[in-house]
Amino acid sequence: MGDTATVVKVGIADLNIVSVPDKIRTSGLGSCIGVVIYDLSNQMAGLAHVMLPDSAMAKQDNLNKYKYADTAIDILVDKLIVAGAEKFALKAKMAGGAQMFQFTSGNDFMRIGPRNAAAVEKRLKFHRIRLIAKDIGGNSGRTIEFDPETGKLHIRTISEGERVI
Amino acid sequence: MEEKNPFSLVQIDVLKEIGNIGAGNAATSMSRLINKKVDMQVPSVKIITFDEVMELVGGAETPVAAVMINIEGEAPGKVYFILTIEEAKSLITSITGQQDVDLLNNTEQDDLVVSAVKETGNILTGSYITALSDFTGLLLKPSVPYLSVDMAGAVLSAGLIDVSTVTDYAIIIDTQINEGETENGIKGNFLFLPDPDSCARLFHSLGIQNDG
């Protein structure tokens, strides 16, 4: 842990990129997905806090592109490449997609977690970015923090403690 | 980005009155339940970003106990009753008499604790919605109560999914109720999140023009 390192925080439906020694973090992921795309050789990483699977489901005119899996991943990849990452070196990890309330009957929004996860995987595949590890589903909220130096994603939950993928 | 505050002053007052009537009725139910005096604060109406929603209850990572009810019918939306973990514990103690409740690691939790919180949430949110329905004359169909004890961000974002397909702002009518007699008595927040289209119906039902 460097003393001068900053932890960049990413809010809901937001994204950002960092390079060593900084880390990047997002808190309180429920059905949302935190997707990290990183280039270990250039020691940089981007994180998007995705809320919905597909920008095609938007019912608004000026849609927030950071909110949807497909558009957020496109922007994240662009930002990383502009900042000096190599496209062929990009890898990904993701966490989230939980179901916070145990619904018995379902309208669509209740199953949004798995749909978010599937949409992220699909868009990563489209960009030919390998998904190295994931921690998806369950019914616990997650806070995640990624270190672009080690490539490790720390995942904290309230009831199950911390794990690293 | 769309207009941040789409409401006129009159409309804001109407939304506050909705909070007043709903939470007032819920405070009465709570008072009967714990057999103590329960006060309520003046409701506030907020049109805020999703990140700001998390800040309302202390930030995305803060653990909370939340009972959520999904409203269907003529004015769909969500109603949350939110307690901090400490408040939820003292509520459980005052209802069941059980001390040292461990809410956060309740994988093998005895059912009594879970159902005490759920049932309290059910009674209170139920009173809230009944009062709202009587006041507006709208048909509101509440779901069964759902309980989650977890990070505020994770719990609240579940209720924002419907809204988020339409806008990046949530309309929140926030009313706090608290046990009147002591400083550190139980406090709870009611958050009513009407779906964007529902506000127009709420205004219409009360004879207020949609354009203010």
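The values are calculated or read from the model by the stated rules, or taken from the named source; none is laboratory data. On a predicted model such as this, the values are computed, not experimentally measured, just so you know. Cβ: placed from backbone, ideal geometry, glycine included. Neighbour counts: every protein chain shown.
This table checks each residue for (1) modelled with pLDDT under 95; (2) closer than 27 Å to B:Thr62 by Cα; (3) not aliphatic (A, V, I, L, M).
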{"position": "A:Arg115", "(1), (2), (3)": "yes, yes, yes"}
{"position": "A:Val120", "(1), (2), (3)": "no, yes, no"}
{"position": "A:Ile129", "(1), (2), (3)": "no, no, no"}
{"position": "A:Lys134", "(1), (2), (3)": "no, yes, yes"}
{"position": "A:Ser140", "(1), (2), (3)": "yes, yes, yes"}
{"position": "A:Glu145", "(1), (2), (3)": "no, yes, yes"}
{"position": "A:Ile155", "(1), (2), (3)": "no, yes, no"}
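Condition test on B:Ala75, is it more than 20 Å from B:Ile186 (Cα to Cα), away from chain A (no Cβ under 13 Å), in contact (Cβ under 8 Å) with a residue 40 or more places away in the chain and part of a loop (DSSP other than H, G, I, E, B)?
Against the criterion (more than 20 Å from B:Ile186 (Cα to Cα), away from chain A (no Cβ under 13 Å), in contact (Cβ under 8 Å) with a residue 40 or more places away in the chain and part of a loop (DSSP other than H, G, I, E, B)), B:Ala75 qualifies.
Kindly establish whether A:Met51 is surrounded by 14 or more Cβ atoms within 10 Å (Cβ to Cβ), at the interface with chain B (Cβ under 10 Å from one of its Cβ atoms) and within 30 Å of B:Leu104 (Cβ to Cβ).
Judged against the criteria, A:Met51 is a match.
Sort out which residues of region A:138-154 are within 12 Å of chain B (Cβ to nearest Cβ) and in contact (Cβ under 8 Å) with a residue 60 or more places away in the chain, and write them in order of number.
A:Gly141, A:Arg142, A:Thr143, A:Ile144, A:Glu145
Being among the acidic types (Asp, Glu) and either buried (at least 18 other Cβ atoms within 10 Å of the Cβ) or away from chain B (no Cβ under 11 Å) (or both) is the filter here, so list the residues in region A:54-78 that pass it. Outline the logic, then answer.
Narrowing region A:54-78 to residues among the acidic types (Asp, Glu): A:54, A:61, A:70, A:74, A:78.
Hits for region A:54-78 are A:Asp70, A:Asp74, A:Asp78.
Anything in region A:36-66 that is among the polar types (S, T, N, Q), touching a strand residue (DSSP E or B) at 6+ places or on another chain (Cβ under 8 Å) and assigned to a loop (DSSP other than H, G, I, E, B)? List them, or say none. Show your work before the answer.
Residues of region A:36-66 among the polar types (S, T, N, Q): A:41-43, A:55, A:60, A:62, A:64.
With touching a strand residue (DSSP E or B) at 6+ places or on another chain (Cβ under 8 Å) added as a condition, the list becomes A:42-43, A:55.
A:Asn42, A:Gln43, listed by residue number.
Go through region B:7-35 and give me each residue that's in a loop (DSSP other than H, G, I, E, B) and either touching a helix residue (DSSP H, G or I) at 6+ places or on another chain (Cβ under 8 Å) or buried (at least 16 other Cβ atoms within 10 Å of the Cβ) (or both).
Residue satisfying the conditions is B:Phe7 alone.
When only residues in region A:12-26 that are under 11 Å from the mean Cα position of the chain (by Cα) and either among the charged types (D, E, K, R) or within 11 Å of chain B (Cβ to nearest Cβ) (or both) count, which is nearest to A:Val77 (Cα to Cα)?
In the first step, residues of region A:12-26 are kept if they are under 11 Å from the mean Cα position of the chain (by Cα); the result is A:12-16, A:24-26.
Subsequent filtering for residues that are either among the charged types (D, E, K, R) or within 11 Å of chain B (Cβ to nearest Cβ) (or both) retains A:12-14, A:25-26.
Numbers: A:Ile12: 18, A:Ala13: 16, A:Asp14: 14, A:Arg25: 18, A:Thr26: 18 Å.
The residue in question is A:Asp14.
Residue-wise test of (1) buried (at least 20 other Cβ atoms within 10 Å of the Cβ); (2) facing chain A (nearest Cβ under 9 Å); (3) not hydrophobic (A, V, I, L, M, F, W, C).
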residue: B:Gly126; (1), (2), (3): no, no, yes
residue: B:Thr136; (1), (2), (3): yes, no, yes
residue: B:Pro145; (1), (2), (3): yes, no, yes
residue: B:Leu160; (1), (2), (3): yes, yes, no
residue: B:Ser164; (1), (2), (3): yes, yes, yes
residue: B:Ile173; (1), (2), (3): yes, no, no
residue: B:His204; (1), (2), (3): no, no, yes
residue: B:Ile208; (1), (2), (3): no, no, no
